[in-house]
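Asker: Just dropping this structure here.
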Amino acid sequence: MAPTNKAERKAVVDVAAWMFNVVTSVGVIIVNKALMATYGFSYATTLTGLHFATTTLVTAALRWFGFIQSSHLPLSELLKFILFANFSIVGMNVSLMWNSVGFYQIAKLSMIPVSCFLEVVMDKIRYSRDTKLSIAVVLLGVGVCTVTDLSVNTQGFIAALIAVWSTSLQQYYVLHLQRRYNLSSFNLLGHTAPAQAGTLLLLGPFLDYWLTNKRVDAYNYNLVSLMFIILSCTIAVGTNLSQFICIGRFTAVSFQVLGHMKTILVLIMGFFFFGKEGLNLHVVLGMIIAVAGMIWYGNASSKPGGKERRSLSLPTSRQQKHASFSDSNGHDGNV
């Protein structure tokens, strides 16, 4: 009975963590869309730096009050993580500027096979046929929803390539660091958020000026826009935390696959809040395909053999069997 209760508790926590990520992620996207589209605050990299600065303040306060225990992360590991994370943020922004929306979405979808590749190579993960097919169905569904045109150019392709690999490596590294150094989500955020905030706030204004030809210090700040910026930063704390929680509890691939539910919710919320383009039959069909693929993935990956680490102890097992056989022969001879 105890294992059942333990399994049920894990399932409840998993669902709660996932819902936390979905709500905060969709919330921050909607707020940012309103901030940029309605109030003209188009400084995405600087805004991300403000998100991490707010996260830094929250984690520092929690550590001050004793809710987060002190932990250690080697500087070399921190620098690698910051490199991947910042290249991910900058790469995505540049990719969106240089590529069509359709190719940008295709690049985002390609993170799933890249994350699969990393898990296969680095963690020796093996996927069942059903798990692979379910991922393909999710990719197809989200592609139908979001991909319009596929025009591509050389510099855009390079930017997308950097964005995809750096994002996949950053998400893989979240799980790697949590497991290797026994770090909680808040512990890891406490180490990474200050460094990301510092680098993004330092480089963000210059990058945003390059992307938009607008200076962040020349923006016409008012009470409403400041309230939206503060709201965005507040929700982003939950988004940053929930991302680390979800990757720590699941894997980068599961986070990517199920994460496309947020893409669908953003499309629906965008229709209700902004009334653009609407939910035509083409988009609704893609949503149905994607949701079916996500349900299939959840079922297939949870089955025995659906997604598991390949055993590297087969020779040892054979040796043990051989040893047992030899011992048995020895015992027979003694008798």
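The values are calculated or read from the model by the stated rules, or taken from the named source; none is laboratory data. Everything quoted here is computed from the prediction, not taken from an experiment. For neighbour counting, all protein chains shown are included, and Cβ atoms are generated from backbone atoms with ideal geometry for every residue, glycine included. SASA here: full protein model, heavy atoms, side chains in, ligands and nucleic acids out. Shrake-Rupley method; radii C 1.70, N 1.55, O 1.52, S 1.80 Å.
Asker: Identify, by number, the condition in (1) touching a residue at least 40 places away in the same chain (Cβ under 8 Å); (2) open to solvent by 10 Å² or more (accessible area, probe 1.4 Å); (3) not in a loop (DSSP other than H, G, I, E, B) that Lys132 doesn't meet.
Answerer: Of everything listed in (1) touching a residue at least 40 places away in the same chain (Cβ under 8 Å); (2) open to solvent by 10 Å² or more (accessible area, probe 1.4 Å); (3) not in a loop (DSSP other than H, G, I, E, B), Lys132 misses just condition (1).
Asker: Of the conditions (1) open to solvent by less than 40 Å² (accessible area, probe 1.4 Å); (2) of a type outside the set (Lys, Arg); (3) within 26 Å of Glu308 (Cβ to Cβ), Leu140 clears all except one; give me its number.
Answerer: For Leu140, the failing item is (1).
Asker: Assess whether Thr45 counts as being of a type in the set (S, T, N, Q), surrounded by 15 or more Cβ atoms within 10 Å (Cβ to Cβ) and within 16 Å of Gly190 (Cα to Cα).
Answerer: For Thr45, the condition - of a type in the set (S, T, N, Q), surrounded by 15 or more Cβ atoms within 10 Å (Cβ to Cβ) and within 16 Å of Gly190 (Cα to Cα) - is not met.
Asker: Residues in segment 1-22 that are without any contact (Cβ under 8 Å) to a residue 24 or more places away in the chain and in a helix (DSSP H, G or I): how many?
Answerer: Going through segment 1-22, the residues without any contact (Cβ under 8 Å) to a residue 24 or more places away in the chain turn out to be 1-12, 15-16, 19.
Cutting the leftovers down to in a helix (DSSP H, G or I) gives us 2-12, 15-16, 19.
Total meeting the criteria: 14.
Asker: Which pairs turn up if I take residues in segment 206-223 that are over 15 Å from Leu96 (Cα atoms) and look for partners that are among the hydrophobic types (A, V, I, L, M, F, W, C) and open to solvent by less than 40 Å² (accessible area, probe 1.4 Å) with beta carbon separation below 7 Å, at least 6 apart in sequence or on another chain?
Answerer: What qualifies is Tyr219/Phe41.
Asker: What are the residues in segment 55-97 that are open to solvent by 40 Å² or more (accessible area, probe 1.4 Å) and of a type in the set (Ser, Thr, Tyr), if any?
Answerer: Residues satisfying the conditions are Ser70, Ser71, Ser76.
Asker: Working only within segment 161-171, note down all residues that are out of contact with any Phe, Trp or Tyr (no Cβ under 7 Å at 6 or more places or on another chain) and buried (at least 22 other Cβ atoms within 10 Å of the Cβ).
Answerer: Scanning segment 161-171 gives Ala163, Val164, Thr167, Ser168.
Asker: Tell me yes or no: at least one residue of segment 82-104 is among the hydrophobic types (A, V, I, L, M, F, W, C), within 30 Å of Gly306 (Cβ to Cβ) and modelled with pLDDT of 90 or more.
Answerer: Within segment 82-104 (the criterion being among the hydrophobic types (A, V, I, L, M, F, W, C), within 30 Å of Gly306 (Cβ to Cβ) and modelled with pLDDT of 90 or more), the answer is yes, since at least one residue qualifies.
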